[in-house]
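As structure tokens, the structure follows; a few thoughts come after it.
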Amino acid sequence: MWNVFEYPFTGIAIAIITAIGMRIYWAFRPERKHRVYNLIPLLIILASVAVAYFVQTDNEKIRGAINKGIKAFEDQKIEPIREVIADDYSDPFNTSKEYIVAYCQTMMQRAMVDRVTFLSNEMVIEGNKATFTAEMVVKFAEESEISKMGKPFLIVKASFHFEKTADKKWLINNCEVLELDRKAVNWGELHS
């Protein structure tokens with residue numbers, strides 16, 4: 001069943017079932033019918049939409065962090081990248097938050113991103129840790145160094161490891177590039 005906090009459809013289905021049940025009940029007991037009871041399904045629908053809108057799930061927070069990072073690359077702004085990376089960030093090549101932020105800044109200058117489109121993605125959340133693996137098409141801006149070398153787009157598969165902080169934020173504490181144009185790579189190959 002759908003997560004009530006992400007999709008209002010569960011509440012809408014309950015409201016429809018409630019409305020049908022009330023109609024059937026009133027068919028056998030018309031003396032119990034009151035106009036005010038017609039508001040019950042509407043209230044259920046409003047409550048489910050409000051819950052889906054105002055309550056942000058872990059899934060939505062993680063996707064929000066990913067989208068914030070992608071938007072930062074598209075807008076050429078480093079500060080949003082800094083906001084979604086954990087202070088204890090570490091990967092096999094970038095041993096700290098400062099190194100990965102510097103690497104991202106260098107990439108922004110060399111490989112100006114025009115648009116990122118997801119081909120596929122998968123998320124696994126286990127307690128306070130999560131992994132988001134995605135395959136994306138990265139389209140480079142025409143003035144980008146990579147685009148000028150004859151590579152207007154690249155298919156990138158990457159895995160982002162998240163950790164939930166005490167204030168309920170999900171921050172990237174590790175990431176790895178798995179494939180470029182469907183060929184396996186690692187951080188060492190990217191930096192050489």
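Tabulated results
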quantity: Options ALA72, ALA50: the member that is among the aliphatic types (A, V, I, L, M) and modelled with pLDDT of 90 or more; calculated: ALA72
quantity: Index of the failed condition, VAL138 passing every other in (1) buried (at least 18 other Cβ atoms within 10 Å of the Cβ); (2) in contact with a helix residue (DSSP H, G or I) (Cβ under 8 Å, 6 or more places away or on another chain); calculated: (2)
quantity: PHE93 being of a type in the set (Phe, Trp, Tyr) and assigned to a loop (DSSP other than H, G, I, E, B); calculated: yes
quantity: Failed item in (1) out of contact with any Gly (no Cβ under 9 Å at 6 or more places or on another chain); (2) surrounded by fewer than 16 Cβ atoms within 10 Å (Cβ to Cβ); (3) not assigned by TED's automatic domain parsing to the domain that holds SER159, with ALA19 passing the rest; calculated: (2)
quantity: Single residue of region 105-135 satisfying the filter (buried (at least 17 other Cβ atoms within 10 Å of the Cβ) and of a type in the set (Gly, Ala, Ser)) that is nearest to LYS169 (Cα to Cα); calculated: ALA130
quantity: Of all residues in region 58-79 being of a type in the set (Asp, Glu) and more than 14 Å from the chain's Cα centre (by Cα), the one that is surrounded by the fewest Cβ atoms within 10 Å (Cβ to Cβ); calculated: GLU79
quantity: Among (1) of a type in the set (A, V, I, L, M); (2) closer than 20 Å to LEU180 by Cβ; (3) in a strand (DSSP E or B), the one test that ALA130 misses; calculated: (2)
quantity: Test: residue in region 160-177 that is within 18 Å of ILE100 (Cα to Cα) and in contact with a Pro (Cβ under 8 Å, 6 or more places away or on another chain); calculated: yes
quantity: Close pairs (7 angstrom Cβ cut-off, 6 or more residues apart or separate chains): surrounded by fewer than 10 Cβ atoms within 10 Å (Cβ to Cβ) and of a type in the set (A, V, I, L, M, F, W, C) in region 141-153, modelled with pLDDT under 85 and outside any helix (DSSP H, G or I) anywhere; calculated: none
quantity: Residue in region 25-41 that is more than 30 Å from LYS129 (Cβ to Cβ), in the same structural domain as LYS139 (by TED's automatic domain parsing) and polar (S, T, N, Q) present; calculated: no
quantity: Selection count where residues are of a type in the set (Lys, Arg) and in a strand (DSSP E or B), scope region 133-149; calculated: 1
quantity: Residue count for region 80-104, restricted to those that are within 18 Å of LYS68 (Cα to Cα), surrounded by 15 or more Cβ atoms within 10 Å (Cβ to Cβ) and not β-branched (Val, Ile, Thr); calculated: 7
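The values are calculated or read from the model by the stated rules, or taken from the named source; none is laboratory data. Small disclaimer: the values here were computed from a predicted structure and weren't measured. Cβ: placed from backbone, ideal geometry, glycine included. Neighbour counts: every protein chain shown.
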